[in-house]
Amino acid sequence: MMWTVEQSSSGERLDKHITEVLSEKQISRSQIQEWIRIGAIRVNDQTSKANMKVTANDSIRVTIPEPEPLAAFPEDIPLDVVFEDSDVIVINKPRGMVVHPAVGHPRGTVVNALLHHCKDLSGINGVMRPGIVHRIDKDTSGLLMVAKNDLAHTSLAAQLKAHTVTRRYHALVYGDMEHDKGTIDAPIGRADQDRKLYVVTSKNSKHAVTHFAVLERFGDYTLVELKLETGRTHQIRVHMKYIGYPLVGDPVYGGKSGRTLDMKGQALHAGVLGFEHPRTGQYLEFTTPIPDDLENALNILRTR
């Protein structure tokens, strides 16, 4: 792949710039640095260094190397399987479980469990993310669809891109939300001060839309249902913070702890997932109840 650096990106480090441009592919910065080191990334048809500053009109070419032998390996980890056939598997991911191996999380992931449970997963996303079409955060629980072959992967990815996949979440947020329902249409990009964080910004950002509806009010807390139209990294967490109602228990964007409600993590659950079956075209929709600690927190608020 190849592109020309825009004026707005002039002065950025090469590795940071490429990581940002390829953010949708979820390629780590350390991986980008390794590709730069081995010459798989060229600037103006020349090899370079990761800390080089790019300038406007620089031509950048990335030649992704052939995947290395499978590094992720099967682990006998229980999976809560909601649906499975020869094309697709839908699981209910527990909070605290990482979706695929990465730096710092080489084991104990959904992919490790899937490699033990399934002998057939699509290879489109490479050896470290076989079958993975979309992700939910480590500290978000709920439904995740996985492709068992390339036909299924292509279909599900196309549905995600066309915004036809149904994804609805339950979240407990701080504050009494002013409106019963609404839409947050605000672009999301990486924060300048900390590139691991995301913010609403017009700089190097991507279109992001979240619809919300109030389910229950508790005065200083609100239970909401959120429907994703797009699927940006940390989208719900960033959007809810942006409008002034951060998630309970969110250690990054919430600013407070959920300990007073006995929450063991952020109060966000992917409870509804719907899509067209990649082979039959039949619409399938699945639901899963919220985790016990979130249900307990709601009962505390209802009875206090």
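The values are calculated or read from the model by the stated rules, or taken from the named source; none is laboratory data. As the structure is a prediction and not an experimental result, all values here were calculated from the model. Note that each Cβ is placed from the backbone with ideal geometry, even for glycine, and that neighbours are counted across all protein chains shown.
Among the residues of the range 125-148, those identified as more than 24 Å from Q235 (Cα to Cα) and either at pLDDT below 90 or assigned by TED's automatic domain parsing to the domain that holds D250 (or both) are G126, V127. Residues in the range 10-31 that are at pLDDT 90 or above and on the phi < 0 side of the Ramachandran plot were compared, and the one that is surrounded by the most Cβ atoms within 10 Å (Cβ to Cβ) is I18. Here the range 235-254 is the region considered, the condition is being β-branched (V, I, T) and assigned to a helix (DSSP H, G or I), and the residue that is surrounded by the most Cβ atoms within 10 Å (Cβ to Cβ) is I236.
Criterion applied to F212, F218 was being modelled with pLDDT of 90 or more and either touching a Pro at 6+ places or on another chain (Cβ under 9 Å) or surrounded by 22 or more Cβ atoms within 10 Å (Cβ to Cβ) (or both), and the one residue passing it is F212. Within the range 218-234, the set of residues being in a strand (DSSP E or B) and among the β-branched types (V, I, T) comprises T222, V224. Restricting attention to the range 34-58, the residues being buried (at least 18 other Cβ atoms within 10 Å of the Cβ) and within 21 Å of P101 (Cβ to Cβ) number 1. Could you say whether any residue in the range 91-100 is under 30 Å from M1 (Cα atoms) and at pLDDT 90 or above? Taking every residue of the range 91-100 in turn, none turns out to be under 30 Å from M1 (Cα atoms) and at pLDDT 90 or above. When every residue of the range 266-277 is checked against the conditions, none turns out to be outside the structural domain of T140 (by TED's automatic domain parsing), surrounded by fewer than 22 Cβ atoms within 10 Å (Cβ to Cβ) and without any contact (Cβ under 8 Å) to a residue 60 or more places away in the chain.
Among residues of the range 5-41 being outside any helix (DSSP H, G or I) and touching a Ser or Thr at 6+ places or on another chain (Cβ under 6 Å), the one that is nearest to P130 (Cα to Cα) is A40.
Looking across the range 172-217, the residues that are of a type in the set (V, I, T) and in a strand (DSSP E or B) come down to V173, T183, I184, I188, V199, V200, V209, T210, V214. Report yes if some residue within the range 49-66 is in contact (Cβ under 8 Å) with a residue 40 or more places away in the chain, in a helix (DSSP H, G or I) and of a type in the set (A, V, I, L, M, F, W, C); otherwise report no. Scanning the range 49-66 turns up no residue that is in contact (Cβ under 8 Å) with a residue 40 or more places away in the chain, in a helix (DSSP H, G or I) and of a type in the set (A, V, I, L, M, F, W, C). Taking residues in the range 81-98 that are touching a residue at least 40 places away in the same chain (Cβ under 8 Å), and partners anywhere that are in a strand (DSSP E or B) and among the polar types (S, T, N, Q), the pairs with Cβ atoms closer than 9 Å and at least 6 places apart or on different chains are V82/N92; V82/T287; N92/S141; K93/S141; P94/S141; R95/S141; G96/S141; M97/S141. Restrict the check to the range 226-235 and report whether at least one residue is more than 30 Å from S8 (Cα to Cα) and of a type outside the set (D, E). Taking every residue of the range 226-235 in turn, at least one turns out to be more than 30 Å from S8 (Cα to Cα) and of a type outside the set (D, E). Here the range 142-167 is the region considered, the condition is being basic (K, R) and closer than 19 Å to E24 by Cβ, and the residue that is surrounded by the fewest Cβ atoms within 10 Å (Cβ to Cβ) is K161.
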